[in-house]
Structure formats: C-alpha cells, structure tokens
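Read through the structure below, which is laid out as structure tokens, and then see the notes.
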Ligand SMILES: N[C@@H](CCC(=O)N[C@@H](CS)C(=O)NCC(=O)O)C(=O)O
C-alpha cells in the first residue's frame with residue numbers, strides 16, 4: 001500500500017501543508033488506498049514534504065507524485081480537453097508557485113502571534129528543548145526562501161494585495177460550478193482545496209484569510225470537499241474558523 005509521508009494532522013484540517021493536503025485529497029478523490037506516516041521534512045527525498053513510498057520507490061514533490069499516481073493508479077484528468085488541462089495547469093501554478101508564498105509569509109513572518117501558532121503546529125510533537133532549537137533554526141531558513149522567491153522583498157500590504165488578486169481569480173474561475181472543471185473533481189480541485197483550506201480554514205489570521213472568507217463560493221467549495229472526502233474530519237472544522245490555544 002502507498003505510504004504518504006506528511007505533517008501530523010492539526011487544526012481539524014487534513015494537513016497544514018497545502019502540498020500534503022493536495023496529495024491526500026487526490027488519493028481520496030481517486031479512491032486509492034494509502035497509509036499515513038506522520039513526518040517532518042528531515043531526510044526526505046527532496047528535503048520537503050510530502051513524499052510517498054510505493055513498491056520500494058520513494059517519490060518527492062506533489063507534482064511528480066501526482067504524475068506517478070496518474071500513470072500507475074488513476075488519472076483524475078482523463079478525458080479533459082487540451083485547453084481545459086492548459087487552464088488547469090496555469091491555475092495550479094498560481095496556487096503552488098505564487099499564492100503559496102503569501103501563505104508562507106503569513107505563517108512564518110507576518111506576526112509573532114501567527115508564528116507561535118505555526119511553530120506549535122509544526123514542531124509541537126518534538127521534545128520541548130529540541131522544539132525551540134529546531135524551530136529557531138528553521139524560521140530564518142524559511143524567511144530566506146520567502147526573500148529568495150521575491151515575495152519577502154515587498155511590504156506586508158503589497159504582499160497581501162498580490163494574494164487577494166489570486167483569491168479573486170480563483171473565485172471568478174470557480175464561479176457557481178461544483179468543481180473547477182465542472183461536475184467531477186480533477187487534479188486542480190485536489191490542489192485548490194489543499195491551498196484554500198489552508199488559507200480560510202486555519203487559525204492564521206491575515207488579510208489573505210479575511211479576503212478568502214469574503215468569497216462565499218470558495219467557502220462552500222472548501223466545506224463541500226471536506227464534507228465529501230473527509231467524513232472522518234467532518235465535525236472537527238464546521239465553521240472553517242478553528243480555535244487554537246495560543247501558548
Ligand atoms: N514543490 C513541492 C513543495 C513542497 C513544500 O514546499 N513543502 C513544504 C511544506 S508546505 C516543506 O516541506 N518545506 C520544508 C522546507 O522547505 O524546509 C511540492 O509540490 O511538493
């Protein structure tokens with residue numbers, strides 16, 4: 001059976017990583033059996049999570065994992081036109097390569113309150129002394145990544161202006177449809193759900209979350225997918241605004 005290595009579940013959502021959540025959602029949408037292995041991104045194939053192990057093969061990066069799942073198990077995008085797939089790839093790049101950095105900024109850099117919540121969620125399973133050492137080393141590393149990407153060079157207001165434009169684009173593209181490409185879920189839905197629940201369903205407060213929560217179609221979409229594919233988590237996040245205890 002496929003082993004999915006991802007962060008421990010927290011906040012009543014499938015995963016605090018949009019990429020891990022994307023893979024678990026793909027597996028559920030495609031009806032592929034898997035087993036979760038809680039992990040941190042140490043000694044992983046690409047130094048990041050998620051990764052999977054299947055038939056003695058370890059595959060890192062959500063895009064390569066999905067290529068593998070499509071070729072060996074089930075392709076959620078089968079039968080879609082080239083034009084539909086082109087639009088879907090572009091939207092996935094918006095989510096993974098642009099909006100993600102704004103989410104990362106809001107957790108690791110924007111406010112100290114958010115950092116404390118993020119730190120507890122990611123490193124809370126480690127013994128207390130190690131937790132602080134690891135978290136305090138990891139934080140500057142992620143801030144350098146955000147700067148390297150370019151997002152970290154802007155003011156907070158500018159960063160969230162960019163994020164809000166992405167949210168507007170997602171909301172307009174979804175419109176009143178059930179899924180982004182119509183009646184059936186595709187890879188884009190696994191990806192969009194992974195990112196959107198991590199923006200609007202997490203205890204990380206920011207103008208990005210506020211803007212996401214102003215889009216009723218995005219809220220309905222996230223609640224619908226969570227209700228349909230995560231029955232086991234159904235009651236843990238009813239309002240998309242989980243409460244956490246701030247240490
Ligand atoms: N392109 C990768 C991105 C994965 C990624 O950025 N994972 C983050 C968690 S959301 C991670 O493991 N970061 C650890 C690090 O950068 O040190 C994918 O699609 O899987």
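Against the condition at pLDDT 95 or above, at positive phi and either in the same structural domain as residue 143 (by TED's automatic domain parsing) or within 10 Å of the ligand (Cβ to nearest atom) (or both), how does residue 96 come out, does it pass?
Numbers: at pLDDT 95 or above: yes; at positive phi: no; either in the same structural domain as residue 143 (by TED's automatic domain parsing) or within 10 Å of the ligand (Cβ to nearest atom) (or both): yes.
So residue 96 fails the test.
One line per residue, one yes/no per condition, for (1) buried (at least 21 other Cβ atoms within 10 Å of the Cβ); (2) over 15 Å from the mean Cα position of the chain (by Cα):
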residue: 1; (1), (2): no, yes
residue: 13; (1), (2): yes, no
residue: 35; (1), (2): no, yes
residue: 48; (1), (2): no, no
residue: 63; (1), (2): no, no
residue: 73; (1), (2): no, yes
residue: 87; (1), (2): no, yes
residue: 97; (1), (2): no, no
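Residue 12 fulfils the conditions (1) within 16 Å of the ligand (Cβ to nearest atom); (2) in contact (Cβ under 8 Å) with a residue 60 or more places away in the chain; (3) farther than 24 Å from residue 150 by Cα except for a single criterion, (1). Given the structure, is residue 54 more than 15 Å from the ligand (Cβ to nearest atom), touching a residue at least 24 places away in the same chain (Cβ under 8 Å) and in contact with a strand residue (DSSP E or B) (Cβ under 7 Å, 6 or more places away or on another chain)? Here the answer is yes, as residue 54 does meet what is asked.
Being touching a helix residue (DSSP H, G or I) at 6+ places or on another chain (Cβ under 9 Å) and either farther than 21 Å from residue 121 by Cα or near the ligand (Cβ under 8 Å from one of its atoms) (or both) is the filter here; which residues of segment 24-40 pass it? Show your work before the answer.
Restricting attention to segment 24-40, the residues satisfying the condition of being touching a helix residue (DSSP H, G or I) at 6+ places or on another chain (Cβ under 9 Å) are 24-30, 32-34, 36, 40.
Within segment 24-40, 26, 27, 28, 29, 30, 32, 33, 34 qualify.
The values are calculated or read from the model by the stated rules, or taken from the named source; none is laboratory data. None of these values were measured; they are calculated from a predicted model. Counting neighbours? That spans all protein chains shown, and the Cβs are built from the backbone with ideal geometry, glycine included.
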